[in-house]
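Presented below is the structure to which this report refers.
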Amino acid sequence: KHSTVHTSVYSILNQTSTTMGSRRLKDWLLRPLTHISLIHNRQQCIRTLLHNPHQLELLRGSGEHLHRFPDLEKLGLKLLRSPSSVSLSDLLTLYRAVLRAQSVVTVLSAFTDNDNTNGSLEKDATGGITQIHRDLGGNVSKCNKFLALIEEVVDLQRIQETYGARNATNSGESSSSDAVAHDAYFSEHETEYFTPSSEMFRDKWVRVRPSFTPELTTLHRELQSIQASMHTEHQRVV
């Protein structure tokens with residue numbers, strides 16, 4: 001795409017919300033589907049979404065669920081190829097993606113509800129979306145232990161207090177949701193999994209929960225004491 005002029009089929013069709021979506025579209029154009037059943041299934045999925053603008057708006061528009069997904073393919077390669085280099089920020093990126101996937105499952109459940117109330121024709125039309133909902137929901141359920149582990153190890157409260165409060169101040173609304181706080185955090189610290197050309201954000205705001213071990217608890221209390229002393233001295237000097 002050059003300015004406002006489209007110069008390729010890819011530029012015209014690329015209305016995707018994520019890096020992964022753009023990559024998949026490019027693969028599809030280079031290696032299009034050839035099996036008739038797969039082509040038919042994809043067309044059904046597209047038709048179903050277009051005929052349900054409310055759910056589509058939740059996914060792409062006001063909900064921004066798809067737009068906020070990281071590049072899980074790139075992150076997955078790092079987890080597989082170089083696990084020793086994985087940071088807390090990487091794990092938090094994956095944690096946030098799972099939370100977003102839960103929201104997508106909730107949106108897609110509306111199609112499953114339609115299947116239960118409408119006839120066989122409607123079930124055929126939404127079959128592809130229903131399968132996506134079933135598969136995605138199953139994969140998200142498998143991540144429950146991972147979510148619990150992150151919440152046990154990572155100090156999410158610090159992120160929520162820092163960025164949740166800032167987001168609530170900017171929006172004028174109260175925000176107690178971890179997901180909202182995480183969104184504010186990731187909006188301020190774009191990672192390489194969201195913008196390929198950007199640098200990895202620093203880990204200074206991501207830390208292990210102080211209560212995770214007795215040693216960390218002791219160190220955290222000592223740090224708080226030192227910070228309080230520094231603040232007192234600063235106030236005295238000023």
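Every read-out reported here was derived from the displayed coordinates using simple, explicitly stated rules and does not represent laboratory data. None of these values were measured; they are calculated from a predicted model. Note that we place each Cβ from the backbone using ideal geometry, even for glycine, and neighbour counts take in every protein chain shown.
Structural remarks
- Peptide ranges 70-82, 27-39, 128-140 listed from the most packed, as the mean C-beta count within 10 angstrom indicates: 128-140, 70-82, 27-39
- Here the Karplus curve 6.51 cos²θ - 1.76 cosθ + 1.60, taken at θ = phi - 60°, turns the phi angles of region 93-105 into couplings of 4, 5, 4, 5, 5, 5, 4, 5, 4, 4, 5, 5, 4 Hz, with x standing for Gly and Pro.
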